[in-house]
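Note sheet for the following structure.
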């Protein structure tokens, strides 16, 4: 026991101040524990979690009284406190969201304030469509007479042939056909109901009339500013170069075509379309260098003014404006917080970038918005920065020695090598996260980033700063064209890399515990000091291997109760093969389904198929027509499961049935090969459980019944 105590105390003492870096990981584990539950915690379990957190805080505070076990007690108490704190914060955030209102299921005249206007590519690839985000929405219907405005926003897509559309701040009236947030297209698919629950959306709809502007409001100034910048950029460059510039300078990615997105994703350059630490760091560095150089041109300022502090303050101010202009997205906020921490450390003579700074920023983000832990941008941003800081911490001394060897290494060799190392560190850290969320592996990401990142730093972002400075005066045209040349080069690089052999290798979907192991393994590898950190590689590899360790479904039914996919000995078959694009893409990425039609003998009729060695009876008729007396016994012989798109209860009375009623009550379902050789069914409701964002059976939201009138 004494030997273990000494080993534990020595290992913890070696970590030093890095022990703080584990606190946000504990909070993330607590947040994940809340989201992965199938039921809301009862009052008893809430009290238990709170008591454990308080006990952890008391243990950490009182650890100084026990010097032999001081560090162990302090670390254990902090672990209890962080996990319970994350669990409680996630539960509080989930229950403090506005209730999901019941939207009308018919076309209704709608009034609301336009909070945002964006352009999205049309599904047919011809032109684009305008999408509005409406707030303070009211419905003109007898059923909603006297209702208060919606506490949630709605997203409305205008008709494709609409030529005139409102601007941000307008109060509009239009006729809309709404639909509630869709359920997952398979039991472990993307949960858009949970995303909308925490994002403040009530649903979306399609307009059936032209919007009529009733009056204009002075609200939403920032959104109007952002849209004006995008409009000026697109007026000069009405192509994909302008769309990418608008994404980098204004945070508006709606005009980026799907093919451009695919090329950037397949080449590992998708991070260039999202404003993050790379863009903010370049903007702050350029502004700092420019302001300081201008100040040093004056002898009086150089001798008597604090030029460095003035330049740093100006650069941070420009950074704040840039992040606000681009929409205050998660990676940008994380980078801005670290920039302020780095500026303070710079003034105090401390290390500008450290893992403790990243830990403090992560704690702040997880405290304010716990659901952010499940956001892909948060995971990729934290993984990339953590790998960069930890990697350069280990290579600081070797790189310093290389700089001292000769002029070549100091001016050329080390800077070029650092560009390659940056791509390797950030890419290797984010590739597993990208594989888990997007179902693809991009092996050419290092080569693409080694060319694209220097081009962004040397040409694109400097001209981007010039564009932002000249836009208010209307003189940004030449600078936009020069910036567009660099963007054209990045787009060409993305296209070439996306069409290289093996540019995007499909990867099966990951379970939640696999992604958790990947993040824990990366944290151990980057945060732990000592040889034990190499255990993180094993944990990381186990998380990556989880994609091939979990069973795969052999049969899927979409939430519409009509689209069915079956895996036979000849591969996957889907009926109808013309399913909606989102469903096809999701099934293809997550499960690897290719849309092959059913045999003609199974279309719109009864047929028997072999699935996982068992006989399944398919009823593909649009409605129940009954089984013939002659064929009923033959059809039901040795059948293990009946699948019907209508009412299949009377086909084979003694056989389990999956029909439209089952889909109505339980959502999409998946059939797996059971361990005993049979078939097991998992429904969407059994996979997600009873949570605040999962609507009850037959419910479309909380009815917005107004209060009774005063007599």
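The values are calculated or read from the model by the stated rules, or taken from the named source; none is laboratory data. Source: prediction; values computed, not measured. Every residue, glycine among them, receives a Cβ derived from its backbone with ideal geometry; neighbour counts consider all protein chains shown.
The set of residues in the range 142-162 that are at pLDDT below 85 and either part of a helix (DSSP H, G or I) or within 26 Å of the chain's Cα centre (by Cα) (or both) comprises 142, 143, 144.
The residue that is nearest to the chain's Cα centre (by Cα), among those in the range 37-57 that are loosely packed, with under 13 Cβ neighbours inside 10 Å and part of a loop (DSSP other than H, G, I, E, B), is 38. Could you tell me whether any residue of the range 443-459 is closer than 30 Å to residue 531 by Cα and surrounded by fewer than 22 Cβ atoms within 10 Å (Cβ to Cβ)? Among the residues of the range 443-459, at least one is closer than 30 Å to residue 531 by Cα and surrounded by fewer than 22 Cβ atoms within 10 Å (Cβ to Cβ), which makes the answer yes.
Quick check on residue 507: is it buried (at least 19 other Cβ atoms within 10 Å of the Cβ) and free of Cβ contacts under 8 Å to residues at least 60 places away in the same chain? No: the conditions fail for residue 507. Is at least one residue of the range 569-576 farther than 15 Å from residue 598 by Cβ, modelled with pLDDT under 90, assigned by TED's automatic domain parsing to the domain that holds residue 616 and not in a helix (DSSP H, G or I)? No: the range 569-576 contains no residue that is farther than 15 Å from residue 598 by Cβ, modelled with pLDDT under 90, assigned by TED's automatic domain parsing to the domain that holds residue 616 and not in a helix (DSSP H, G or I).
On the stretch given as the range 344-358, residues that are crowded, with 19+ Cβ neighbours inside 10 Å and at pLDDT below 85 total 1. Residues considered: 215, 165, 139. Of these, the only one that is over 27 Å from the mean Cα position of the chain (by Cα) and closer than 30 Å to residue 477 by Cβ is 165.
So that you can scan it fast, the table gives a plain yes or no per residue for (1) out of contact with any strand residue (DSSP E or B) (no Cβ under 7 Å at 6 or more places or on another chain); (2) under 30 Å from residue 180 (Cα atoms); (3) touching a residue at least 60 places away in the same chain (Cβ under 8 Å):
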{"position": "11", "(1), (2), (3)": "yes, no, yes"}
{"position": "20", "(1), (2), (3)": "yes, no, yes"}
{"position": "46", "(1), (2), (3)": "yes, no, no"}
{"position": "51", "(1), (2), (3)": "yes, no, no"}
{"position": "56", "(1), (2), (3)": "yes, no, no"}
{"position": "70", "(1), (2), (3)": "yes, no, yes"}
{"position": "73", "(1), (2), (3)": "yes, no, no"}
{"position": "103", "(1), (2), (3)": "no, yes, yes"}
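So which residues in the range 319-329 are in contact with a helix residue (DSSP H, G or I) (Cβ under 8 Å, 6 or more places away or on another chain), farther than 16 Å from residue 228 by Cβ and surrounded by fewer than 21 Cβ atoms within 10 Å (Cβ to Cβ)? Answer for the range 319-329, where residues must be in contact with a helix residue (DSSP H, G or I) (Cβ under 8 Å, 6 or more places away or on another chain), farther than 16 Å from residue 228 by Cβ and surrounded by fewer than 21 Cβ atoms within 10 Å (Cβ to Cβ): 320, 329.
So that you can scan it fast, the table gives a plain yes or no per residue for (1) closer than 23 Å to residue 552 by Cβ; (2) modelled with pLDDT of 90 or more; (3) assigned by TED's automatic domain parsing to the domain that holds residue 179; (4) buried (at least 17 other Cβ atoms within 10 Å of the Cβ):
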{"site": "606", "(1), (2), (3), (4)": "no, no, no, yes"}
{"site": "628", "(1), (2), (3), (4)": "no, no, no, no"}
{"site": "642", "(1), (2), (3), (4)": "yes, no, no, yes"}
{"site": "661", "(1), (2), (3), (4)": "no, no, no, no"}
{"site": "683", "(1), (2), (3), (4)": "yes, yes, no, yes"}
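Only one entry of 278, 295, 312 meets the criterion of being modelled with pLDDT under 85, in contact with a helix residue (DSSP H, G or I) (Cβ under 9 Å, 6 or more places away or on another chain) and surrounded by 14 or more Cβ atoms within 10 Å (Cβ to Cβ), and that entry is 278. On the given criteria, is residue 189 crowded, with 21+ Cβ neighbours inside 10 Å, touching a residue at least 12 places away in the same chain (Cβ under 8 Å) and touching a helix residue (DSSP H, G or I) at 6+ places or on another chain (Cβ under 7 Å)? For residue 189, the condition - crowded, with 21+ Cβ neighbours inside 10 Å, touching a residue at least 12 places away in the same chain (Cβ under 8 Å) and touching a helix residue (DSSP H, G or I) at 6+ places or on another chain (Cβ under 7 Å) - is met. Among the residues in the range 203-220, are any in contact with a helix residue (DSSP H, G or I) (Cβ under 7 Å, 6 or more places away or on another chain) and either within 30 Å of residue 685 (Cα to Cα) or surrounded by fewer than 21 Cβ atoms within 10 Å (Cβ to Cβ) (or both)? Among the residues of the range 203-220, not one is in contact with a helix residue (DSSP H, G or I) (Cβ under 7 Å, 6 or more places away or on another chain) and either within 30 Å of residue 685 (Cα to Cα) or surrounded by fewer than 21 Cβ atoms within 10 Å (Cβ to Cβ) (or both), which makes the answer no. Looking at the structure I just gave you, is residue 135 under 28 Å from residue 213 (Cα atoms) and touching a strand residue (DSSP E or B) at 6+ places or on another chain (Cβ under 6 Å)? Yes, satisfied. All conditions in (1) touching a residue at least 24 places away in the same chain (Cβ under 8 Å); (2) closer than 22 Å to residue 27 by Cα hold for residue 532, with the sole exception of (2).
Here is a yes/no grid of residues against (1) touching a residue at least 24 places away in the same chain (Cβ under 8 Å); (2) in contact with a strand residue (DSSP E or B) (Cβ under 6 Å, 6 or more places away or on another chain); (3) assigned to a loop (DSSP other than H, G, I, E, B):
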site: 222; (1), (2), (3): yes, no, no
site: 225; (1), (2), (3): yes, no, no
site: 231; (1), (2), (3): no, no, no
site: 243; (1), (2), (3): no, no, no
site: 246; (1), (2), (3): no, no, no
site: 252; (1), (2), (3): yes, no, yes
site: 259; (1), (2), (3): no, no, no
site: 264; (1), (2), (3): yes, no, no
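In the range 125-141, how many are at positive phi and in a loop (DSSP other than H, G, I, E, B)? Of the residues in that region, 2 qualify.
Condition check: at pLDDT below 90 and over 30 Å from residue 33 (Cβ atoms). Does residue 324 satisfy that? Yes; evaluated as a whole, the condition is true for this residue. Yes or no: the range 208-217 includes at least one residue that is part of a helix (DSSP H, G or I) and either in the same structural domain as residue 112 (by TED's automatic domain parsing) or farther than 29 Å from residue 585 by Cβ (or both). No, because not a single residue in the range 208-217 is part of a helix (DSSP H, G or I) and either in the same structural domain as residue 112 (by TED's automatic domain parsing) or farther than 29 Å from residue 585 by Cβ (or both). Listed by first and then second residue, the pairs with beta-carbon distance under 8 Å, at least 6 apart or on different chains, first residue in the range 477-492 and surrounded by 15 or more Cβ atoms within 10 Å (Cβ to Cβ), second not in a helix (DSSP H, G or I), are 480/237; 484/237; 490/269.
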